[in-house]
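J.: Would you mind keeping the following structure in view while I ask a few things?
The values are calculated or read from the model by the stated rules, or taken from the named source; none is laboratory data. Here the structure is a predicted model, which is why all the values come from computation and not from measurement. Positions of Cβ are backbone-derived with ideal geometry, glycine not excepted, and every protein chain shown enters the neighbour counts. Ligands, DNA and RNA are stripped out before the accessible areas are found, and what is left, the full protein with its side chains, is counted by its heavy atoms. Shrake-Rupley method; radii C 1.70, N 1.55, O 1.52, S 1.80 Å.
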Amino acid sequence: MVAKEAHKEPWRYSATGISIALRVTPRGGRDDIDGIEQLSDGRTVLKVRVRAIADGGEANKAVLALLAKSLGVPKASVKLLSGATSRLKQIAVDGDPARLGETLRQLVSAKPND
């Protein structure tokens, strides 16, 4: 067994795709996925930063576009479930859950965990 417990994945699988827990940093200097972070309450989130400002939903649009591009799905397949005005968001992505989960694992595998 590994000494440091592995982070629990911040996404859940469903029959139609996955839902992802995010912590978004607007005006983050670049559009990128920064890895997985554990919050103080024990939940894990996918850290995402976007250049867009959090005004008029611009940051939310940028997050949805970044996830669609990163996961290789159409923008219409990525939807905001909750957290429109919060840094903590829930996003749904329609598609093959196994492929989406594997793509997310590859995206965060090279990123450091906090």
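J.: Grab every C-alpha pair in the stretch 64-114, bin the distances at 10 angstrom width from 0 up to the longest one, and report whole percents.
T.: 23, 49, 27, 0
J.: Given the rule -39500 (n - 2.57) for each run of at least 4 DSSP H residues, summed and divided by the residues of the chain, what is its mean residue ellipticity at 222 nm, to the nearest 500 deg cm²/dmol? Write out the running numbers ahead of the final one.
T.: On the way: 2 runs with 27 residues, N = 114.
Only helices count here, giving -7500 deg cm²/dmol.
J.: In terms of the ratio Rg/(2.2 N^0.38 Å) built on C-alpha atoms, what value belongs to the chain? Numbers along the way, then the final one.
T.: Values: Rg = 13.5 Å, N = 114, 2.2 N^0.38 = 13.3 Å.
In units of the 2.2 N^0.38 Å rule of thumb, it is 1.02.
J.: Can you pull the accessible area of THR25 for me, 1.4 Å probe, Å² to the nearest 10?
T.: 40
J.: Next up: Where does the charge balance sit around ARG27 when Lys and Arg score +1, Asp and Glu -1, over other residues with C-beta under 15 Å from its C-beta? Don't skip to the end; give the middle numbers.
T.: On the way: positive: ARG23, ARG30, LYS47, ARG49, ARG51, LYS61, ARG87; negative: ASP31, ASP32, ASP34, ASP55, GLU58.
Neighbour charge sum, excluding ARG27 itself: +2.
J.: Find the relative contact order for the chain and round it to a whole percent, using C-alpha pairs within less than 8 Å whose residues are 6+ positions apart. Walk me through the intermediate numbers first.
T.: Numbers: 220 pairs, mean separation 34.8, N = 114.
Here the relative contact order equals 31 percent.
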